[in-house]
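A short reminder: the numbers here are calculations on the coordinates, not readings from a lab. Computed from a predicted structure; not experimentally measured. We place every Cβ from the backbone using ideal geometry, glycine too, and count neighbours over all the protein chains shown.
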Amino acid sequence: MQKLIKAIYRFTGVQLKRYPGIDLRRRLKIINTAGIDLLLDVGANTGQFAIEMREAGYKGKIISFEPVKKCYEILNNRSLKDPMWEAYNFAVGEADKSGTINISQNYYSSSILKVLNLTTQAEPLTSQTETQEIIIKKLDTVFPELSIGYSNIMLKIDTQGYEKQILEGAAISLGRIKIIQLEMALVPLYDGEMLIPEMLKYLIDLGYDLWSLENGFYDKRTGRLLEVDGIFLKK
């Protein structure tokens with residue numbers, strides 16, 4: 001039935017779009033409240049988050065960062081079609097250095113940290129099968145140039161447990177960042193990651209309030225929620 005409906009819309013020239021869910025509608029409301037004009041998309045993979053934001057109506061600047069070469073190639077090709085979207089082929093972290101990323105079977109679960117058994121049991125495609133040497137830069141290193149001309153900035157982090165390191169490398173930049181959206185694990189999923197109680201305290205101490213939660217990764221065998229996205233607004 002869905003295929004038939006889509007075929008009818010294609011024939012009549014009408015574009016069929018999915019209506020944004022409650023989480024996305026709430027996220028957009030927060031973004032509009034803060035007047036965001038620059039979105040820093042850290043851990044962009046192939047650009048899924050940026051595309052979702054565009055389809056939902058966000059018209060501001062997007063700057064994406066993705067270290068995995070295969071993912072970056074797709075990301076870059078997509079960004080070239082949008083004059084308000086740039087993409088860079090490096091990771092963001094706590095220092096300017098070289099490093100190694102563990103690439104997962106599904107690619108979007110790749111992480112600088114080692115994946116734990118609970119994660120691969122919940123989703124086998126999170127298994128890490130190869131590594132790649134990458135460049136890591138502090139956000140503080142690149143932020144001054146990239147943020148010129150923008151006053152209301154959002155930082156989105158999707159890096160599979162590496163969130164705290166990114167925030168540590170953004171100590172100066174956070175003074176100008178109004179919104180932070182990041183993943184928070186309810187249980188250990190990657191070796192050494194900060195869990196939700198500590199992350200909540202860490203961000204509150206940095207001067208942010210929790211405004212919204214979005215459901216994330218869960219164990220499809222049991223229904224147990226393993227990860228959520230938190231959206232924080234500067235006080």
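Can you give the local net charge around LYS114? Use residues other than it whose beta-carbon is closer than 12 angstrom to its beta-carbon, Lys and Arg +1, Asp and Glu -1. Present the calculation step by step, with values, prior to reporting the outcome.
Numbers: positive: none; negative: ASP191, GLU193.
Summing Lys and Arg as +1 and Asp and Glu as -1 gives -2.
Pairwise over distinct Cα atoms, reciprocal of the mean inverse distance: report the Kirkwood radius of the stretch 20-234 in Å, one decimal place.
Numbers: mean 1/r = 0.0577 Å⁻¹.
Evaluated on the stretch 20-234, it is 17.3 Å.
Give the relative contact order (percent, whole number) for the stretch 152-235; include only Cα pairs under 8 Å separated by 6+ residues.
31
Over the chain, what is the mean sequence separation of C-alpha contacts under 8 Å (at least six apart), divided by residue count, expressed as relative contact order in percent? Don't skip to the end; give the middle numbers.
Numbers: 461 pairs, mean separation 40.9, N = 235.
Relative contact order of the chain: 17 percent.
Taking a threshold of 21 Å on the Cα-Cα distance, which of the pairs LYS29/LYS201; LYS138/LYS235; LYS137/LYS201; LYS138/LYS178; LYS114/LYS164; LYS59/LYS81 fall above it? Show your work: numbers first, answer last.
On the way: LYS29/LYS201 24 Å; LYS138/LYS235 24 Å; LYS137/LYS201 25 Å; LYS138/LYS178 18 Å; LYS114/LYS164 15 Å; LYS59/LYS81 14 Å.
Listed pairs above 21 Å: LYS29/LYS201; LYS138/LYS235; LYS137/LYS201.
Round to a whole angstrom and tell me the spacing of the C-alpha centers of the stretch 56-84 and the stretch 138-169.
Taking the Cα centre of each part, the stretch 56-84 and the stretch 138-169 sit 16 Å apart.
Roughly how many nanometres apart are two label points built 7 Å out from the Cα toward the Cβ at TYR202 and GLN132?
About 2.4 nm separates the two model spin labels.
Can you spot the aspartates and glutamates whose alpha carbon is less than 12 Å from LYS220's alpha carbon? Ignore those fewer than 8 places along the same chain.
GLU123
Can you sort TYR190, TYR162, TYR107 from fewest to most other Cβ atoms within 10 Å of each residue's own Cβ? Can you show the working numbers first?
Numbers: TYR190 22, TYR162 27, TYR107 14.
The most exposed by this proxy come first: TYR107, TYR190, TYR162.
Using the 10 angstrom Cβ neighbour count as an exposure proxy, how do THR129, THR119, THR46, THR141 rank, fewest first?
The most exposed by this proxy come first: THR129, THR141, THR46, THR119.
Taking the Cβ of ILE179 as the centre, find all other residues whose Cβ is under 9 Å away and add up their charges (Lys, Arg: +1; Asp, Glu: -1). Kindly include the intermediate steps, with their values, before the conclusion.
Details: positive: LYS156, LYS178, LYS234; negative: none.
Charge balance near ILE179 sits at +3.
Taking every pair of distinct Cα atoms and averaging 1/r, then inverting, what Kirkwood hydrodynamic radius in Å comes out for the stretch 135-235?
On the way: mean 1/r = 0.0698 Å⁻¹.
That comes to 14.3 Å for the stretch 135-235.
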